[in-house]
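Structure first, commentary second.
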Amino acid sequence: MNIRDLEYVIAIAETRNFNKAAQICYVSQPALSMQVKKLEDELGVAIFERFQKNILITPAGEVIIEKARELLNTAKDIKNTAELFQKKDKHQFKIGIF
């Protein structure tokens, strides 16, 4: 499982459409579908019920999607924290005195 897979799951949940989710994530629809199926196999539960023109979120999927959102928010916070320290380090002025 990786962050990208979780982004795919959230995009599908928000759009309720694999094609639109693939466009949002800048990947092909087959690649997105394959990664989500691989994630579902890894977790041992279905996140989505797939029908011809409908996508439903399973009860397990509801919980997984909520946890994925929390995790992605935490990952963004980590990146933002790192960027703050990068900016701080770039503007530091150090003097050495003998």
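The values are calculated or read from the model by the stated rules, or taken from the named source; none is laboratory data. Given the structure is predicted, the values throughout are model-derived calculations rather than measurements. We place every Cβ from the backbone using ideal geometry, glycine too, and count neighbours over all the protein chains shown.
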* Structure fact -> So, first residue surrounded by fewer than 16 Cβ atoms within 10 Å (Cβ to Cβ) in the range 16-31, second residue outside any helix (DSSP H, G or I), Cβ within less than 6 Å, six or more apart or across chains; the pairs are 16/55
* Structure fact -> Selection from the range 31-55 of residues of a type in the set (A, V, I, L, M, F, W, C) and at pLDDT below 95 yields 51, 55
* Asked: Got at least one residue in the range 31-51 being over 18 Å from residue 2 (Cα atoms) and out of contact with any helix residue (DSSP H, G or I) (no Cβ under 9 Å at 6 or more places or on another chain)?
  -> yes
